[in-house]
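Heads up: the structure comes next, in structure tokens.
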Amino acid sequence: MSDPKSRLAVALDYPDAHQTMKLVDSLGQTCQWFKVGMELYYAAGNDIVRQLRDRGFDVFLDLKLHDIPNTVAGAVRSVTQTGAALLTIHANGGAAMMTAAAEAAKAPGSPRLLAVTVLTSMDAAQLEGTGITASPADQVLRLAKLARQSGIDGFVCSAEEVASVRAATGPDTLLVIPGIRPAGAAIGDQKRVATPAQAIAHGASLLVVGRPITQAADPAAAAEAILDEIAKAHSI
């Protein structure tokens, strides 16, 4: 993933297809990857994935599947029909659920699975509120190791944990990092954030950026600035 465009996914956090494609049009060919999350997918369904794929873009479908093993395996099989390249499941679903998902994803044309560890909107206090007394860093590493043992070779974590997850899972692991904020950008509802350069330096494979691009006065220029930072960080 040496090309900066292959290391940036723009999060399309919009409530409908019209606003989404308006933003996509404003970016032109600046970006190659787009992330479709629950808000957009529940509003526009598979058609939005098809529209992006028809334009030659790669789609990261961020549905964070978390249910009983049979249901999640079925969802993976259904998503295979969309042509999405990446799909998220929740590592908190446990080993049996992740193993079932990994088995379903062996079918031709299946998306590569990413296990979501600890959401970047959560800090130690919020994690403790759910009954988990481990630090976010320790919990991320625990879930990543469990997911790896269950057949999942890609993970979503914050930039704070990417170095330890990379060391524990190896150089071929796909590490997708949300919570990316260029210097000076508003943090919003995120807790564990980093700049693009910091995340790449720590071993990130793919950066997910939403509001710093989608809410910018000039989204294409904002994306280009992040791509330039990725290129410079990768060349160091």
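Structure values in brief
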read-out: Which numbered condition Arg112 fails, given (1) within 15 Å of Phe155 (Cβ to Cβ); (2) crowded, with 17+ Cβ neighbours inside 10 Å; value: (2)
read-out: Residue within the stretch 118-128 that is crowded, with 23+ Cβ neighbours inside 10 Å, modelled with pLDDT under 90 and outside any loop (DSSP other than H, G, I, E, B) present; value: no
read-out: Those residues of the stretch 144-161 which are modelled with pLDDT under 90 and either buried (at least 19 other Cβ atoms within 10 Å of the Cβ) or more than 16 Å from the chain's Cα centre (by Cα) (or both), in sequence order; value: Cys157, Ser158, Ala159, Glu160, Glu161
read-out: Test: residue in the stretch 132-143 that is at pLDDT below 95 and exposed (fewer than 14 other Cβ atoms within 10 Å of the Cβ); value: yes
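The values are calculated or read from the model by the stated rules, or taken from the named source; none is laboratory data. Note that this is a predicted model, so its numbers are computed, not measured. As a convention, Cβ positions derive from the backbone with ideal geometry for all residues, glycine included, and neighbour counts pool all protein chains shown.
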